[in-house]
Structures are given as structure tokens and as C-alpha cells.
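The structure appears right after this line, and notes come after that.
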Amino acid sequence: MEHPTQETRSRIGLHVNGRSYELDVDHRVTLLDLLREHLGLTGAKKGCDHGQCGACTVLVEGRRVNSCLLLAVAHDGSRVTTVEGLGDDTQGLHPLQEAFLARDAFQCGYCTPGQLCSAVGLLAEAAADPGAADLGRAGIAEAMSGNLCRCGAYPRIVDAVRDVAAASAGTDAADAADAGRVVA
């Protein structure tokens, strides 16, 4: 019995870290594999390959996602930001990258790209809806709970995110949130 021929590849366009790409991809390729194997952007890591560790976290249209769970063809035309796109040669490191360095918020570094992208997404979510955001220690820890760190750098990661949140707000919003006060 002969089966009808099915297309298994598609041409898609992506905007990754400010650059446009036109790619011919197999329908089964995940966004993570496309980034790593087709574009050479190896910052996002393949950890569990089940969306449970967060090592593959990138930003799609500004929202944090587990790229190992997303089919690349489903994101035709999307804007994707990886850890490589957070800082640049003209402006330097992203404030979160600087805070991670200052707070020594990494040890082996395997989870760091996903942690950074997740933190950027978290702060964008907080900026979009300040009343719903808890940028205290517990709130940040909860919001970052999808990103695992085998080395246990969680307290320093939370401190780094709090530093940037407070600097962005121009006040010590993180300390106010910890004290149970609402900061608008």
C-alpha cells in the first residue's frame, strides 16, 4: 500500500537576538535544537529535554519559555532572545548578567543562561503588571522555581534578581515586598 507523500519540512522566519533568519527546518525540530544546532547559539542548554529543569529557557516574544518543548515551525515569525542576546558589544552586559557576577550567582554555570533568561522574563512580567508581582525573596524564588540549579546557588540568584528589581524601581521595592508592604 502506497502512502501519500507528506511534507516534513517548512521554511520559517525567526528574529533571534535582533537578527533575521530564514531557515528550512524539519517539522520535528525543537526551538532548542534549532538554536543550538542550526544557529550555533549554545547558551540555552539541553538538560532534561522534558521542560522540567529550565536550562533551555529563552524568551519568545518577551515571555520565558522552555525551548525544548516548542516545535520551531510553530514559532514562524517570532522574536526569540537567548542569553547571547541579552548584552551586546556597545552597551555591555545586561544588568542581570552584571548582578549575577557581582553576587556570584553561579557555580558550574550550566543553568546560568536559563536562569538569566527566566529572570529577564520575570522582571518584564513585573513591569507589565506591578500590582501582581511579588519581588520579595519568596516571590522571586517561586517565580524562578522552574529553573533548577544543581550547585545550590539559589540564594545568590534571588539576591541578584532583587538587586536589579530594586535598581529598576528606583526604590528598594524588594525589601518593601519582603516586609509585606505594597510598592507601586
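General observations
- Contact order relative to length of the chain, as percent, for alpha carbon pairs under 8 angstrom and 6 or more apart: 20 percent
- Projecting the Cα atoms of GLY114, LEU59, SER168 onto the charge dipole of the chain, computed from C-beta unit charges around the Cα centre, puts GLY114 farthest toward the positive end.
- Cα-centre dipole for the chain with unit charges at Cβ (Lys and Arg positive, Asp and Glu negative), debye to 20: 280 debye
- Accessible area of segment 67-113 belonging to carbon and sulfur atoms, whole % at 1.4 Å probe: 52 percent
- Degrees separating the helix 154-169 axis from the principal Cα axis of the chain, which is the longest one: 80 degrees
- Rounded if a/c under 1.5, otherwise prolate or oblate - segment 1-81, Cα gyration tensor axes: oblate
- Residue-span extension gain [GLN52 to TYR21] - 0.36 nm each, minus C-alpha spacing: 8.3 nm
- If the convex hull is drawn through the Cα atoms of the chain, its volume per residue in Å³: 136 Å³
- Å² per residue, accessible surface of the chain at 1.4 Å: 55 Å²
- Gain on full extension, evaluated as 0.36 nm per residue between SER10 and GLU142 minus their Cα-Cα distance, stands at 43.7 nm.
- Dipole check for segment 52-124: with +1 at the C-beta of Lys and Arg, -1 at the C-beta of Asp and Glu, and the Cα centre as origin, the magnitude is about 260 Debye.
- Signed unit charges on C-beta, dipole axis of the chain, positive-most listed residue CYS48, ALA99, GLY152: GLY152
The values are calculated or read from the model by the stated rules, or taken from the named source; none is laboratory data. On a predicted model such as this, the values are computed, not experimentally measured, just so you know. Quick reminder, even Gly has a Cβ in these numbers, built from the backbone with ideal geometry, and neighbours come from all protein chains shown. Accessible surface is based on the protein model in full, side chains and every heavy atom, while ligands, DNA and RNA are left aside. Shrake-Rupley method; radii C 1.70, N 1.55, O 1.52, S 1.80 Å.
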